[in-house]
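The next block holds one structure in the form of structure tokens; read it before the comments.
The values are calculated or read from the model by the stated rules, or taken from the named source; none is laboratory data. Nothing here was measured: the structure is a model prediction, and the numbers come from that model. Note that each Cβ is placed from the backbone with ideal geometry, even for glycine, and that neighbours are counted across all protein chains shown. The accessibility values were calculated without ligands, DNA or RNA, using every heavy atom of the protein model including side chains. Shrake-Rupley method; radii C 1.70, N 1.55, O 1.52, S 1.80 Å.
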Amino acid sequence: LAPPGSIPLPGPPAIVQQPQPVVVQRGEPASFSVSATGEGTIAYQWQREGEDLAGAQTSVLTLSSTAASDGGSYRVLVSNEGGVTTSAAANLTVHTPPVITSQPDGVDLSSGDLLRLSVTATGTGPFSYQWQFNQTPLSTQTEATLEIAVVSLGEAGQYRVIVTSPGGTVTSASAVVTVQPMQVANPPAILTHPASQSLAPGVTLELKVTATGEGPLNYRWQFNGFNIP
């Protein structure tokens with residue numbers, strides 16, 4: 001029993017607004033807040049994974065620039081002379097951007113071969129993939145590995161993949177794929193080669209080649225060793 005004339009202690013604080021989950025990109029600020037009522041002076045102590053955070057003793061907790069290591073469960077202890085009330089836990093999720101750890105490699109193939117290119121990425125998943133051929137999206141190539149069962153001459157060129165995750169987007173290096181025609185008994189012969197030219201800017205360039213062989217003949221012009229779409 002309290003001694004005669006003593007003042008009874010107040011009840012512990014009541015939390016009227018709990019901290020809410022927060023999702024941010026790495027490097028962005030993050031903030032948690034709590035609202036509480038009670039008699040007397042109310043004190044706050046924020047915790048991460050049950051451990052006190054130094055200097056986090058106000059109703060609002062702010063992280064100015066988040067890192068992946070800041071992710072986890074946060075709560076706050078709200079106290080006065082009458083006791084301590086613990087808030088509900090709120091999770092901080094920090095999305096890290098994808099990083100390509102294995103780039104697609106260029107290959108030299110013959111017409112009819114299997115083309116397989118792959119990429120490996122790390123970061124906050126899940127990941128989605130979009131392969132491109134000469135910077136044009138390939139609607140059916142949306143996995144980490146690109147496969148074309150029977151490659152043709154027209155599929156020689158530059159391939160790259162765009163990797164997207166909740167943390168952002170990254171584009172791989174381009175892989176150069178060359179495709180040689182299948183060997184035939186009588187390969188085509190070039191009768192007239194393209195002639196070197198020196199032109200003024202703005203003048204139309206026209207190059208011609210004359211070839212003979214068993215038809216039909218296919219042509220693929222290149223610039224500096226790369227196919228011209």
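Tallying residues that are part of a strand (DSSP E or B) and either touching a Ser or Thr at 6+ places or on another chain (Cβ under 8 Å) or polar (S, T, N, Q) (or both) within region 53-102 yields 23. Among the candidates PRO4, PRO19, PRO13, the residue that is more than 30 Å from GLY125 (Cβ to Cβ) and either of a type in the set (Phe, Trp, Tyr) or buried (at least 16 other Cβ atoms within 10 Å of the Cβ) (or both) is uniquely PRO13. With respect to (1) open to solvent by less than 100 Å² (accessible area, probe 1.4 Å); (2) at pLDDT below 95; (3) under 28 Å from the mean Cα position of the chain (by Cα), the lone exception for ARG26 is condition (1). The residue pairs whose first member lies in region 201-217 and is within 10 Å of PRO188 (Cβ to Cβ) and surrounded by 10 or more Cβ atoms within 10 Å (Cβ to Cβ), whose second member is among the β-branched types (Val, Ile, Thr) and at pLDDT below 90, and whose beta carbons are closer than 8 Å, counting only pairs six or more residues apart or on different chains, are GLU214/VAL184. Cβ separations smaller than 9 Å between residues 6+ apart or across chains give the following pairs from region 162-173 residues that are on the phi > 0 side of the Ramachandran plot to residues that are assigned to a strand (DSSP E or B) and open to solvent by 50 Å² or more (accessible area, probe 1.4 Å): GLY168/GLN25. Under the condition of being in a strand (DSSP E or B), β-branched (Val, Ile, Thr) and closer than 16 Å to GLY106 by Cβ, which residue from region 119-159 is most open to solvent (accessible area, probe 1.4 Å)? Checked region 119-159; the qualifying residue most open to solvent (accessible area, probe 1.4 Å) is THR145. Within region 183-200, restricting attention to residues that are open to solvent by less than 70 Å² (accessible area, probe 1.4 Å) and under 47 Å from the mean Cα position of the chain (by Cα), which residue is farthest from ASP113 (Cα to Cα)? So the residue we want is ALA200.
Within region 47-85, the residues that satisfy the criterion of being closer than 15 Å to PRO21 by Cβ, touching a Phe, Trp or Tyr at 6+ places or on another chain (Cβ under 7 Å) and open to solvent by less than 40 Å² (accessible area, probe 1.4 Å) are LEU61, TYR74, VAL76.
Against the numbered list (1) farther than 15 Å from TYR129 by Cα; (2) not in a loop (DSSP other than H, G, I, E, B), ILE162 comes up short only at (1).
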